[in-house]
Amino acid sequence: MKSTGVVRRIDELGRIVIPKEIRRNLGIHDGENVEIFTENDSIILKKHNRLSTISDLATKLCNILYNEFNYKIIITDREKVLVTCGLKEKITNTLLPPEYLTLIEEREIKQEENYTFKINNEELKGNFLFIPIISLNDSLGLIIIYSENPFTNELSIGKFIASILASKLDI
């Protein structure tokens, strides 16, 4: 455990203010949840990611759709790539560039043809569908479907995946 040198007083309601620079460095934004853990005499705060709790389900869904329909899929949370299928590039756990956070926050389905998806040092060129994952009024991430060919029924499949993942998070 690394010391930050920051000391804070607990107020009469039991609240502690986490300094802005620490929140910024850890990617914790206003209104987001943190998990609280204890270990011996320590309290540990960790940014809570609801999507990570269902990453096994997301992986299984991706693999089924890739094996059955050859759909290349990327599933993200608000910060990074959680799951990929059908891609040669290794982009899992890669941080999302800010323009994709804007897509998540806009909560709109977006289709791009002849688009270049840039992430880390990788570029994917082709047709893309960006479908937000919305659960309990929170926009949590994206389903990204990628194809070199024109889309046919991928939008329906993408919406279906997003609704399955959201329904598991609504519980």
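Key figures for this structure:
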item	result
Selected residue (criterion: surrounded by the most Cβ atoms within 10 Å (Cβ to Cβ)) from residues of region 105-119 that are β-branched (Val, Ile, Thr) and within 19 Å of Thr92 (Cα to Cα)	Ile119
Verdict on Asn93 being modelled with pLDDT of 80 or more and under 23 Å from Lys168 (Cα atoms)	yes
Region 120-171 - residue that is closer than 16 Å to Glu79 by Cβ, at pLDDT below 85 and touching a strand residue (DSSP E or B) at 6+ places or on another chain (Cβ under 7 Å) and, of those, surrounded by the fewest Cβ atoms within 10 Å (Cβ to Cβ)	Ser139
Filter result for Ile10 (loosely packed, with under 10 Cβ neighbours inside 10 Å, part of a loop (DSSP other than H, G, I, E, B) and of a type in the set (Val, Ile, Thr))	yes
Selected residue (only one of Ile161, Ile104, Ile75 is outside the structural domain of His29 (by TED's automatic domain parsing), touching a Gly at 6+ places or on another chain (Cβ under 7 Å), closer than 30 Å to Asp30 by Cβ and part of a helix (DSSP H, G or I))	Ile104
Contacts under 6 angstrom Cβ, first residue in region 14-34 being touching a residue at least 24 places away in the same chain (Cβ under 8 Å), partner in a loop (DSSP other than H, G, I, E, B) and surrounded by 10 or more Cβ atoms within 10 Å (Cβ to Cβ), 6 or more apart	Gly27/Glu79
Which numbered condition Ser42 misses (of (1) among the polar types (S, T, N, Q); (2) in the same structural domain as Glu122 (by TED's automatic domain parsing); (3) touching a residue at least 40 places away in the same chain (Cβ under 8 Å))	(2)
So Glu68, is it in the same structural domain as Ala162 (by TED's automatic domain parsing) and either under 22 Å from Phe151 (Cβ atoms) or hydrophobic (A, V, I, L, M, F, W, C) (or both)	yes
Failed condition for Thr76, given (1) crowded, with 18+ Cβ neighbours inside 10 Å; (2) in contact with a Cys (Cβ under 7 Å, 6 or more places away or on another chain)	(2)
Given (1) in a loop (DSSP other than H, G, I, E, B); (2) touching a residue at least 40 places away in the same chain (Cβ under 8 Å), index of the condition Leu155 fails	(1)
Flag if Gly27 is surrounded by 16 or more Cβ atoms within 10 Å (Cβ to Cβ) and small (Gly, Ala, Ser)	no
Positions within region 24-53 being assigned to a helix (DSSP H, G or I) and either at pLDDT 85 or above or of a type in the set (Ser, Thr, Tyr) (or both), in sequence order	Ser52, Thr53
So Ile143, is it assigned to a strand (DSSP E or B), farther than 21 Å from Lys88 by Cβ and assigned by TED's automatic domain parsing to the domain that holds Lys80	no
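The values are calculated or read from the model by the stated rules, or taken from the named source; none is laboratory data. The model shown is predicted, which means the values in this text are computed figures rather than measured ones. We place every Cβ from the backbone using ideal geometry, glycine too, and count neighbours over all the protein chains shown.
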